[in-house]
1. Give region 47-72 a look and list any residue that's part of a loop (DSSP other than H, G, I, E, B) and either of a type outside the set (Val, Ile, Thr) or in contact (Cβ under 8 Å) with a residue 60 or more places away in the chain (or both), or say none.
2. Collect the residues in region 45-81 that are open to solvent by 30 Å² or more (accessible area, probe 1.4 Å) and closer than 17 Å to Ala27 by Cβ, keeping them in residue-number order.
3. Being under 30 Å from Thr104 (Cβ atoms) and either part of a loop (DSSP other than H, G, I, E, B) or open to solvent by 30 Å² or more (accessible area, probe 1.4 Å) (or both) is the filter here, so list the residues in region 251-298 that pass it.
4. Considering only region 176-201, state which residues are part of a strand (DSSP E or B), among the small types (Gly, Ala, Ser) and either over 15 Å from the mean Cα position of the chain (by Cα) or surrounded by fewer than 20 Cβ atoms within 10 Å (Cβ to Cβ) (or both).
5. For region 334-356, enumerate the residues that are part of a strand (DSSP E or B) and open to solvent by 40 Å² or more (accessible area, probe 1.4 Å).
6. Consider only pairs whose beta carbons are under 7 Å apart and that are at least six residues apart or on different chains; among these, list those whose first residue lies in region 73-88 and is more than 13 Å from Val151 (Cα to Cα) and in a helix (DSSP H, G or I) and whose second residue is modelled with pLDDT under 90 and of a type in the set (Asp, Glu).
7. Between residues in region 28-46 that are acidic (Asp, Glu) and residues that are open to solvent by 30 Å² or more (accessible area, probe 1.4 Å), which pairs lie under 6 Å by C-beta distance while being six or more apart or on different chains?
Amino acid sequence: RGEVAKGSAEIFFRKVKFWKEDGQEEAPPNVDGVNYFHVKVVGLLFVATTRVNVSPSLVLELLQRIARVIKDYLGVLSEDSLRKNFVLVYELLDEVIDFGYMQTTSTEVLKSYIFNEPIVVDAARLQPLGPAAIFMQGTKRMPGTAITKSVVANEPGGRKREEIFVDIIEKISGYILTSEIDGTIQMKSYLTGNPEIRLALNEDLSIGRGGESANDYRSSYGSGAVILDDCNFHESVRLDSFDMDRTLALVPPDGEFPVMNYRMTQEFKPPFHINCLIEEAGHLKAEVILKVRAEFPSNITANTVVLEMPLPKYTTRASFELEPGVTGQRTDFKGANKKLEWDLEKFVGGVEHTLRAKLTFSQELHANIIKEAGPVSMTFTIPMYNVSRLQVKYLQIAKKSSSYNPYRWVRYVTQANSYVARI
């Protein structure tokens, strides 16, 4: 609204980039009376500024939606694609926000107002950041065109490939004391003519506890039933037959959108079991033994597994010992914030890995060494696996003709949201 200085982008960047390099403290959200909101999507920062008192969650949701709309139109969300499509992105922002007021974030509605064609960026040259990499499975790769295709640009030769993608994405929080799954069924459609879709989920799916006791609730884990605490649906979903046969009917709008969001706190088997032992090993020395076991099948491989563990504040040095013959693992001691970091490029199901770390202290600990260290936090991505066992049984598309048979892709992925194990 013209109330913020033109150099606010540079002020924001410098505050975020150079504020406390060790990551101990976040940059301030308010500088000289200007409020800064930002989200990070595949390495890009989307920032909003205001001088008025506004709901932070509203602005953060708007920024996420703006990122999604830009991705729908460009196909690939990257610095290169933003530079090449600057005029198109500016046009999108001009329609989404008018004088600081939101108008619409619907990809389908925006089609009537957007006239610039996207300049397609070659996705093969891009690094596999964020969503583009989550469906890697060993050396194999699920079709990635849902990530790198614009909803408005035609394929080479003017044709449009008829296909639809359904992604079941689950994020795990907690570990032992409290565990929770936040899940989304995400859809992206490249079907012409807006045909109706029918999506069938597990027949034994239950929503809410239904008045059962806690024991009954947990015992259902062994019976194979899927019990969700709660869920919500996209406005395009019709639930006429959901109670009867667990099918969702919808006419998918253009762009990527969540068909269904759900939450689950039912007892479930965590994908990784973490065991940590720390004990004194002489004067000013201690030893940490960290064991991690993958509790999923051997035909599944987790990617980008990282374990972090805060060490006692008097730690000056750490030497690491990995299992003999292992590859694709890296260890590091972050001296600035006293953290142990263990990166595993790939983690095959059913396998256990061990790390030994020998610590050296600058002075004797005045408290229990276990209280001074931990907890162990873990991040990971497991393609083609989901903990809740929620499944898409079939994906039915209303036929226009007997020869109409579009491609259907259903993919699963489990990620860590806040996976923490106490020592």
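The values are calculated or read from the model by the stated rules, or taken from the named source; none is laboratory data. All of these numbers come straight from a predicted model, not from anything done at the bench. Counting neighbours? That spans all protein chains shown, and the Cβs are built from the backbone with ideal geometry, glycine included. For the accessible areas, the whole protein counts, side chains as well, though only heavy atoms, and no ligand, DNA or RNA atoms are used. Shrake-Rupley method; radii C 1.70, N 1.55, O 1.52, S 1.80 Å.
1. Taking region 47-72 as the starting set, the residues that turn out to be part of a loop (DSSP other than H, G, I, E, B) are 51-55.
Residues satisfying the conditions are Arg51, Asn53, Ser55.
2. The answer is Leu45, Val47, Thr49, Pro56, Leu60.
3. In the first step, residues of region 251-298 are kept if they are under 30 Å from Thr104 (Cβ atoms); the result is 251-263.
Once the filter is applied, which keeps residues that are under 30 Å from Thr104 (Cβ atoms) and either part of a loop (DSSP other than H, G, I, E, B) or open to solvent by 30 Å² or more (accessible area, probe 1.4 Å) (or both), region 251-298 yields Val251, Pro252, Pro253, Asp254, Gly255, Glu256, Pro258, Asn261, Arg263.
4. Kept after step one, since they are part of a strand (DSSP E or B), are these residues of region 176-201: 179-189, 197-201.
Imposing the further condition that a residue be among the small types (Gly, Ala, Ser) reduces the set to 179, 183, 189, 200.
Result: Ser179, Ser189, Ala200.
5. Applying the first criterion (part of a strand (DSSP E or B)) to region 334-356 yields 334, 339-348, 352-356.
Listed by number, the residues that qualify are Lys334, Lys339, Glu345, Lys346, Val348, Glu352, Arg356.
6. Hits for this filter: zero, empty list.
7. Taking only residues 6 or more apart or on different chains, not a single pair turns up.
So that you can scan it fast, the table gives a plain yes or no per residue for (1) free of Cβ contacts under 8 Å to residues at least 24 places away in the same chain; (2) more than 23 Å from Ser377 (Cα to Cα); (3) acidic (Asp, Glu):
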| position | (1), (2), (3) |
| --- | --- |
| Asp254 | no, yes, yes |
| Asn261 | no, yes, no |
| His273 | yes, no, no |
| Cys276 | no, no, no |
| Ala281 | no, yes, no |
| Val292 | no, no, no |
| Glu295 | no, no, yes |
